[in-house]
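Everything below concerns the one structure shown next.
The values are calculated or read from the model by the stated rules, or taken from the named source; none is laboratory data. Since the model is a prediction, treat every value here as computed from it, not as a measurement. Just so you know, the surface numbers come from the protein's heavy atoms only, side chains and all, with ligands and any DNA or RNA stripped out. Shrake-Rupley method; radii C 1.70, N 1.55, O 1.52, S 1.80 Å.
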Amino acid sequence: MFITVMFGAGCWELVNPGCSLATLTAHLRQRGRVLPDATIALLGEDGHLVILSKDLEEGASQAPCTGSALLQERRTYVLVQIINGEGGAPTRYESLLENLEDWCPELAEELCRLSGLPPMGNRRRRTGTRRGHQEQSSSSRPQRLGSLLSRTR
């Protein structure tokens with residue numbers, strides 16, 4: 001069994017979620033260059049968010065002990081960092097895949113919704129180039145994360 005996890009500037013990696021949640025989470029933190037105490041999650045191509053939280057890592061009594069209990073095999077997920085709001089600020093969900101809104105607008109919208117932000121269409125979008133990649137026209141952008149993955153291979 002494996003899953004594909006996307007992060008960074010269009011990077012992707014096959015990961016075996018059959019290992020312990022602690023091992024899976026530590027590996028994803030390292031690959032995504034996330035601080036060890038940060039909370040991370042995986043956002044599925046269907047919009048389902050799987051939080052890989054500290055209590056799951058420590059084996060809470062009702063928590064599954066492996067990632068395969070939470071994740072669907074052969075699916076593609078985007079690595080997400082969860083930033084808890086301080087002083088009444090809402091929790092934010094940030095994609096660790098650069099320019100998610102360009103690659104998969106539906107998933108970017110889902111993260112905005114989870115963060116309590118207005119839809120992307122109501123906010124000014126960034127323009128320019130992505131680290132050596134030219135912007136693509138909206139007609140050539142994939143509509144699903146699965147098509148995104150097929151373009152990176």
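Taking 0.36 nm per residue of separation and subtracting the Cα-Cα distance, what length does fully extending THR23 through LEU35 add?
Extra length from THR23 to LEU35 when fully extended: 2.8 nm.
Would you pull out the residues with amide H under 5 Å of LEU96's amide H, same chain only if 5 or more places away, H placed 1.01 Å from N?
LEU79, VAL80, GLN81
Please report the accessible area of HIS48 (heavy atoms, 1.4 Å probe, ligands and nucleic acids excluded) in Å², nearest 10.
Near enough 110 Å² of accessible area.
Sort ILE51, ILE3 from largest to smallest accessible area, using a 1.4 Å probe on the heavy atoms of the protein chains.
Largest accessible area first, the list is ILE51, ILE3.
Quote to one decimal, in nm, the extra length available between GLU86 and GLU13 on full extension: 0.36 nm per residue of separation minus the C-alpha distance between them.
23.0 nm
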